[in-house]
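Down below is the structure, laid out as structure tokens.
The values are calculated or read from the model by the stated rules, or taken from the named source; none is laboratory data. Because the structure is a prediction, the values reported are computed rather than measured. Reconstructed Cβ throughout: ideal geometry from the backbone, glycine too, with neighbour counts over all protein chains shown. In case anyone asks, the SASA skips ligands and DNA or RNA and just uses the protein heavy atoms, side chains included. Shrake-Rupley method; radii C 1.70, N 1.55, O 1.52, S 1.80 Å.
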Amino acid sequence: MWSACAGAVAALAMVLPGSQAAAQQKTEISLSRQPGIFYMPSHIMEKHKLIEKHAASLGVPSVTTKWINLSGGGAQTDALLAGSVDILNTGTGNLLLLWDRTRGGVKGIVATSAQPMTLISRDPNIMSIKDFGPNDKIAVPTVKVSTQAIVLQIAASEIFGADQWSKLDASTVQLGHPDAYVAMTNAQHEVRNHFAIPPFTFLELKNVPGAHVVLSSSDVMGGPLSQAQFFTTTKFADANPKIVQAVRDATKEAQDLIRGDTKAAVEIYKEVTGDKTSVEDLLAWLKEPGMMEWNLQPQGTMKFAAHLFKVGTLKTMPKAWTDYYLPVAHDLKGN
């Protein structure tokens, strides 16, 4: 992914930090996200037009939003670099990589969720990551740079030794979560392992014969890890401070609804996404450990950054999470 858009990154880096060109305040805002329950706050924001509501209360009337669904974080970062979206809602890995490569020209707004990611296998011979052989394939949204791929690297470094962090990179293949789920349900498909997010975690455990848990992100990270957060370019943020504040306020209102009326939130999720899973199943899944981690503050991200810096993926080690988040979030107790 990064070699394909290296020119775009370089161009973006030239105009972002310290740019003298004043960007125009926008009223038509485009946002992208991936499939999955992780992104439920965004579905509520879309349904109830919460960004529009909070922007109006801040004195920016007539704001409209366009939500774009993309299969992986790599596709989303490509869209941001190309200028076709204003704000992304995706994983920590993509935020840190863009922050680093644009020299601070891309930063987070707020986190949206930190539910566990789960490595699922339908291969009876694979019970831990020690069991993966050279021909075993692991589906991740984006190879090497997705949050799942990087958590796998951290796990490999802990199991095989610090210098073996990339040991499983060659086993990863790029598949969006819906496509990976389809592969997992096909007994003839070469992909028998998927680093899944909800609801695909639960769908696979329920519907795929022999599906079982190999590890979870909370096992590797020692706690919750923000998998979804809003982030944008500092150029956009500087030109549109009230929109950025509206995104924070809208996210909090959506998260409050999920906690306060989970059934209503699930019904909105189903309506917006077309997910055919029953309300009863979704509510049951949200009662599982770690599934109600809907928080504005980033969680577990500095451990993530430390790994990426140690292996040379990040050229700059942030001193604190506030280095790669905008001031709108700096009052939060993140890590």
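At a glance:
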item	result
Filter on K26/K53; K167/K206; K47/K333; K66/K144; K144/K319 - keep pairs with C-alpha separation over 22 Å	K167/K206; K47/K333; K66/K144; K144/K319
Rounded accessible area of F309 (nearest 10 Å², 1.4 Å probe)	90
Angle in degrees between helix 301-310 and the longest Cα principal axis of the chain, rounded to the nearest 10	70
Per-peptide average of other Cβ atoms within 10 Å, ordering 85-95, 278-288, 213-223 highest first	85-95, 213-223, 278-288
Degrees, to the nearest 10: 262-273 long Cα axis against longest axis of the chain	90
Cα gyration tensor shape of the chain, rounded if a/c is under 1.5, else prolate or oblate by comparing a/b with b/c	oblate
19 Å cut-off, amide nitrogen to a point 7 angstrom out along K26 Cα→Cβ, residues in the stretch 223-241	229-241
Aspartates and glutamates with Cα under 13 Å of K107, excluding same-chain neighbours fewer than 8 positions away	D86, D238, D323
Global geometry of the stretch 125-183, whether rounded, prolate or oblate, following the gyration tensor of its Cα atoms and the 1.5 cut on a/c	oblate
Dipole-positive endmost among G260, L308, L205 within the stretch 201-335 (Cβ charges, Cα centre)	L308
Per-peptide average of other Cβ atoms within 10 Å, ordering 141-148, 251-258 highest first	141-148, 251-258
Cut-off under 5 Å, modelled amide H: who pairs with L314 long-range	F309
Dipole of the chain [Lys/Arg +1, Asp/Glu -1 at C-beta], most positive-end residue of S217, S171, L80	L80
Whole-Hz couplings from phi, Karplus 6.51/-1.76/1.60, listed for the stretch 31-40; x for Gly and Pro	10, 10, 8, 9, x, x, 5, 3, 9, 3
Additional length obtainable on full extension of the chain from M292 to H189, 0.36 nm per residue less Cα span	33.8 nm
Residue-averaged 222 nm ellipticity for the chain, from DSSP H runs of 4+ at -39500 (n - 2.57), nearest 500	-12000 deg cm²/dmol
Helix 147-160 axis, angle to the chain major axis (alpha carbon atoms, nearest 10°)	50
Amide H partners (placed H, <5 Å) of S113, local residues excluded	Q227, A228, N295
Shape category assigned to the stretch 75-183 from the gyration tensor of Cα positions, a/c cut at 1.5	prolate
